[in-house]
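Where a number appears in this text, it was derived from the coordinates with a stated rule and is not lab data. Not measured: the values here are computed from a predicted model. When we count neighbours, we look across all protein chains shown, and the Cβ atoms used for this are built from the backbone with ideal geometry, even at glycine.
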Amino acid sequence: MVGGAAVITGTFGLIGGFVIGSAWERLHRYRRRKSGVVAPSSTAVESVQPRLKLVSADVPKPSLARMSHSRTFKPAIGDGMTQDLWNSVDDYFSKMLLPPDAALDLAIASSTEAGLPAIQVSANQGKQLEMLARMQKAHFILEIGTLGGYSTIWMARALAPGGRLITLESDPKHADVARTNIERAGFGDVVEVRTGLALDTLPLIAAENAGPFDMIFIDADKENIPGYFKWALELSRPGSLIVVDNVVREGAVIDAASDDLRVQGVRRLMDYLSREPRVTATAIQTVGTKGYDGFVMAIVKSEDSKQ
Ligand code: SAH
Ligand code: DHB
Ligand code: MG
């Protein structure tokens, strides 16, 4: 066994339960505001008893940025596949694989302080984005949807020397919080946060010839995902990687009759991808602190590609 004893308990007394609870509350207030759907009350959620909890004596205390700061969706599957188990496993991998990180912790803390919704990627997903950017040997990265700059900081860490990252955010308050976080993380000189609706700022970026970008992360409003993807393709080169967050939506993606515009945004992307010969793509379902969700990953093909 790695990192100490694992014991099975039946309680919900997670380390940092207070933080988890408040993040959960804030997320659901935000989601209720956005969708008009009444989310389950936190009392109901907190009374759910996990079957298994890992308690490790020797692993480092989890930092804020690596904890279950967000539970986007309630669990869709029974038989032990619960949100609590996904959180515990996500936290376990964070503790074992992600070193304590003051800049990311501060980014989360100041975003919380400023009242931003806790909808950033999880720590393990952030690390995945960083690794993808490294695999791309990315010099130029574009992000659509900044929030407090959490995913931005992860990706900026992978930038090749001399590289730059542009991130687009419509909410001036989010952009302000992000700029402070990004500066404090040491990326003030290489990251630019542009305020404005992304469908307005993307044509400006194209007009400036800022691309082509080696990696593009699409994570803003879901209704406009197809439009963002088309711009991403415009701003790409053969070999560019385009990643789209939140494409599974607790399985709702397969509901053709859904009246949720975010689901329909993802479905229109899928229709488009099924017909677009210039990219080759896959979709990955994920579980973890962000619930049951997933990413689309697409690579821009070269002219002579046989794929
Ligand atoms: N990528 C971030 C999370 C982004 S949340 C992270 O993982 O850390 C989505 C963000 O997109 C929010 O901050 C929201 O304000 C922003 N957004 C929503 N609509 C937008 C639009 N039309 N143009 C640009 N940003 C938008
Ligand atoms: C929401 C947005 C996200 O990008 C995400 O990862 C989770 C939730 C939202 O708008 O609710
Ligand atoms: Mg997202």
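Would you mind getting me the FRET efficiency between E303 and H139? Use the beta-carbon distance for r and R0 = 25 Å, nearest 0.05. Each step should come with its number before you reach the end.
On the way: r = 22 Å, r/R0 = 0.87.
About 0.70, to the nearest 0.05.
Jot down the radius of gyration and Dmax of segment 103-157, Cα atoms only, both in angstrom.
11.4, 35
Using a cut-off of under 16 Å, list every residue of segment 274-301 whose amide N is near the label point 7 Å from the Cα of K230 along the Cα-to-beta-carbon line.
274-279
Considering the zone a paramagnetic label at R278 would reach in this model (a point 7 Å from Cα along the Cα-to-Cβ line), which residues of segment 187-217 have amide N under 20 Å from it?
Label zone hits: 198-217.
For segment 123-300, taking Cα atoms only, what is the radius of gyration to one decimal and the Dmax to the nearest whole Å?
So, for segment 123-300, Rg and Dmax equal 15.3, 47 Å respectively.
Mind giving me the nanometre distance, one decimal, between the label points for R268 and F93, set 7 Å out from Cα along Cα→Cβ?
According to this spin-label approximation, the distance is 3.2 nm.
So which of K95/K222; K127/K290; K173/K301; K173/K222 end up more than 26 Å apart, counting from Cα to Cα?
On the way: K95/K222 31 Å; K127/K290 14 Å; K173/K301 37 Å; K173/K222 20 Å.
Checking Cα-Cα distances, K95/K222; K173/K301 exceed 26 Å.
Based on DSSP, what percent of beta bridges with both residues in segment 204-307 are antiparallel, to the nearest 5? Intermediate values should be presented prior to the final figure.
Numbers: 15 of 19 bridges.
In segment 204-307, DSSP labels about 80 percent of beta bridges as antiparallel.
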